[in-house]
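One structure below.
The values are calculated or read from the model by the stated rules, or taken from the named source; none is laboratory data. Nothing here was measured: the structure is a model prediction, and the numbers come from that model. Cβ coordinates were reconstructed from backbone atoms using ideal geometry, including for glycine residues, and neighbour counts include every protein chain displayed.
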Amino acid sequence: MQIHKTSLPGVKLLELNAFSDDRGYFKETFRGTWAADLGLVDAFVQDNISRSYQGTIRGLHYQKERPQAKIVQCISGRILDVAVDLRKNSSTFGQYYSVVLSEKNHKQLYIPEGFAHGFSVLSDQAIVHYKCSRYYDKESERGIRWDDPLIHIDWEISKPILSEKDRCLPLFSSLKEEDIFL
């Protein structure tokens, strides 16, 4: 595995080694020792899988009181994965990083605590797997609107499919002090 820095401090792009032959390929998608390589203190405690259709946008989500670090990978299809820096004292506060993750490129995105996360589906459908460092907590859940004019993310889709909840998320400019990371 190779670990690459991104434009957002703490967010890392992981390139996995895939071993291919006539049968297909094999790759190791997680090893406990990687946590130390990524500078994690907490172990990953929850795995999630979502299946979404082309044009779907999920996000931008985060947990404030019980923040989660995540490792995200696309195990079928192709997505644009996005992390937004919500750490007020960061030099990249309010900026985003995006990368295409697919079953073919064998990449993962590590997103530390203090970031919002979302993705758009670029293929007919996609299955996304992500590991979380803390359990999902409904009371701690927050979000930012996908089409926020200050962040201005190019999701690479023309007609987004959104949940009602994601459609009603607040704009970045309307976040209160208690909704961002200090």
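Quick notes on this structure:
- When residues of region 45-84 are limited to those that are in a loop (DSSP other than H, G, I, E, B), touching a Lys or Arg at 6+ places or on another chain (Cβ under 7 Å) and over 22 Å from Lys5 (Cα atoms), the one modelled with the highest pLDDT: Gly55
- Scan of region 26-44 for residues that are at pLDDT 80 or above and either surrounded by 12 or more Cβ atoms within 10 Å (Cβ to Cβ) or among the polar types (S, T, N, Q) (or both), ordered by number: Lys27, Thr29, Phe30, Thr33, Phe44
- Residue among Glu156, Glu139, Glu178 that alone is surrounded by fewer than 19 Cβ atoms within 10 Å (Cβ to Cβ), touching a residue at least 60 places away in the same chain (Cβ under 8 Å) and in a loop (DSSP other than H, G, I, E, B): Glu156
- Residue match in region 91-113 (condition: at negative phi and in a helix (DSSP H, G or I)): no
- With respect to being touching a His at 6+ places or on another chain (Cβ under 7 Å) and not small (Gly, Ala, Ser), Lys64 falls outside the description.
- Applying a threshold of 9 Å to beta carbon distances and a minimum spacing of six or more residues, or different chains, the list of pairs starting in region 96-111 at a residue that is closer than 10 Å to Ile79 by Cα and surrounded by 23 or more Cβ atoms within 10 Å (Cβ to Cβ) and ending at one that is of a type in the set (Lys, Arg) and at pLDDT 95 or above reads Leu101/Arg78; Leu101/Lys107.
- Inspection of region 45-61 identifies at least one residue that is within 14 Å of the chain's Cα centre (by Cα), of a type in the set (S, T, N, Q), surrounded by 13 or more Cβ atoms within 10 Å (Cβ to Cβ) and within 15 Å of Tyr130 (Cβ to Cβ).
- Check on Gln73, out of contact with any helix residue (DSSP H, G or I) (no Cβ under 6 Å at 6 or more places or on another chain), of a type outside the set (Phe, Trp, Tyr) and over 28 Å from Ile151 (Cα atoms): no
- You will find that of Ala116, Ala126, the residue that is surrounded by 13 or more Cβ atoms within 10 Å (Cβ to Cβ), assigned to a strand (DSSP E or B), on the phi < 0 side of the Ramachandran plot and in contact with a Ser or Thr (Cβ under 7 Å, 6 or more places away or on another chain) is Ala126 and no other.
- Filtered by the rule that a residue be surrounded by 11 or more Cβ atoms within 10 Å (Cβ to Cβ), at pLDDT 95 or above and in a loop (DSSP other than H, G, I, E, B), region 11-25 gives a lone residue, Val11.
- Summed over region 69-114, residues that are of a type in the set (Asp, Glu) and more than 22 Å from Tyr136 (Cβ to Cβ) total 1.
- Sole residue being farther than 16 Å from Lys12 by Cα, charged (D, E, K, R) and in contact with a His (Cβ under 9 Å, 6 or more places away or on another chain), chosen from Glu103, Glu177, Glu164, Glu141: Glu141
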